[in-house]
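The values are calculated or read from the model by the stated rules, or taken from the named source; none is laboratory data. Everything numeric here is computed off the predicted structure, so don't read it as measured data. Glycine gets a Cβ as well: all are built from the backbone with ideal geometry, and neighbour counts include every protein chain shown. Note: areas computed on protein heavy atoms with side chains; ligands, DNA, RNA excluded. Shrake-Rupley method; radii C 1.70, N 1.55, O 1.52, S 1.80 Å.
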Amino acid sequence: LYVMSQGERNKNLDTTRELYSWLSDLKAERGHLILAVGGGVVGDLAGFVAATFLRGIQLCQIPTTLLSMMDAAVGGKTGVDLPEGKNLVGAFYQPRLVIADVKTLITLPDRERISGWAEAIKHGLILDKELLHTFEQEKDAILSLDQQICTDVVRKSVSIKAGVVSKDEKETLGVRILLNYGHTIGHAIEASTHYERYFHGEAVSIGMMGSALISNALGMLSKQDVDRQKILLESFGLPVSCSGLDPLQLHQTMQMDKKKSGGQIRWVLLDEIGRAVTRNDVSRDLVDSVLKDLCR
């Protein structure tokens with residue numbers, strides 16, 4: 001067993017080197033299996049180590065948090081953070097198996113569990129109106145961890161992500177990028193606050209509000225649907241603004257976004273609820289205006 005301290009701040013190259021040394025001391029072989037038991041940080045880090053040590057060791061993801069069940073453990077994205085930004089070093093490396101048991105969710109602190117629902121709500125916003133409707137209609141049951149409803153929601157969310165990933169594993173066809181709705185601003189918020197002020201799902205929630213405001217300003221998403229998204233996120237206790245942060249710093253951090261192409265950020269936006277698109281023609285002035293609104 002290798003037990004690591006919790007928190008995004010430990011998902012770095014220093015911890016990676018420690019794991020390489022640990023595996024070397026154990027005389028690990030390619031035929032051995034790494035079991036990644038924990039949240040998204042553990043899964044991302046263990047996956048990256050599995051992908052690179054001996055040019056690849058078998059991997060099994062056993063996510064124990066909502067966020068990792070519905071997002072990090074599925075799809076084969078692995079990686080570690082640099083001071084300049086999140087997940088800038090990594091690899092696409094698929095696990096042999098993913099095991100998710102919703103009973104583990106009762107061990108999570110409330111704030112961390114609520115943060116996890118952000119990614120599932122995102123799946124509804126970008127691709128599945130019915131899933132979003134379920135979140136609106138079954139909010140109380142979901143928040144109280146009703147086992148049947150939560151299992152159904154997690155299963156549906158995982159199915160949506162797996163379906164997208166199977167079409168575009170390495171994010172080259174413009175399909176998988178849709179899963180990054182809210183992440184351009186969200187990752188910048190995380191990096192700008194040194195991964196200490198917000199959980200990932202909280203930062204993504206704020207980022208989704210920013211993306212919705214941009215979508216509305218471009219004549220895509222209606223004001224009614226922007227409000228619908230905001231009301232739902234707030235009803236789950238998720239933040240929709242990041243008061244006190246520096247919008248200029250956020251904009252500078254966003255320039256490290258991995259989805260950039262030709263120097264332009266490829267924004268994931270909404271045409272309507274359940275239909276996401278990408279745009280690379282969002283003006284600097286519009287982005288600055290939205291960031292200022294979020295940081296008020």
**OP:** Check off (1) over 24 Å from Ser115 (Cα atoms); (2) touching a helix residue (DSSP H, G or I) at 6+ places or on another chain (Cβ under 8 Å) for His32 and give me the number that stays unchecked.
**Re:** (2)
Subject >> Answer from Leu291, Leu269 - the residue that is under 18 Å from the mean Cα position of the chain (by Cα) and surrounded by 14 or more Cβ atoms within 10 Å (Cβ to Cβ) >> reply: Leu269
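Quick one: is Leu250 open to solvent by less than 70 Å² (accessible area, probe 1.4 Å) and closer than 16 Å to Ala212 by Cβ?
When the stated conditions are applied, Leu250 does not pass them.
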Original post:
Has the range 187-200 got any residue that is under 14 Å from the mean Cα position of the chain (by Cα) and open to solvent by 70 Å² or more (accessible area, probe 1.4 Å)?
Top reply: yes
**OP:** Filter the range 60-80 down to the residues that are open to solvent by less than 30 Å² (accessible area, probe 1.4 Å) and touching a Phe, Trp or Tyr at 6+ places or on another chain (Cβ under 7 Å), then identify the one that is farthest from Leu33 (Cα to Cα).
**Re:** Leu66
**OP:** Show the residue pairs that are 6+ apart or on different chains and have beta-carbon atoms under 7 Å apart, the first residue being within the range 273-296 and without any contact (Cβ under 8 Å) to a residue 40 or more places away in the chain, the second being open to solvent by 40 Å² or more (accessible area, probe 1.4 Å) and outside any helix (DSSP H, G or I).
**Re:** Asn280/Ser261; Asn280/Gln264; Asn280/Arg266
Original post:
In the list Ile177, Ile160, Ile185, which residue meets the criterion of being among the β-branched types (Val, Ile, Thr) and touching a strand residue (DSSP E or B) at 6+ places or on another chain (Cβ under 9 Å)?
Top reply: Ile177
**OP:** Working carefully through the options Leu245, Leu213, find the one that is in contact with a Ser or Thr (Cβ under 9 Å, 6 or more places away or on another chain), at pLDDT 95 or above, farther than 19 Å from Ser115 by Cα and part of a loop (DSSP other than H, G, I, E, B).
**Re:** Leu245
**OP:** Keeping to the range 1-34, report how many residues are among the hydrophobic types (A, V, I, L, M, F, W, C), exposed (fewer than 14 other Cβ atoms within 10 Å of the Cβ) and within 22 Å of the chain's Cα centre (by Cα).
**Re:** 1
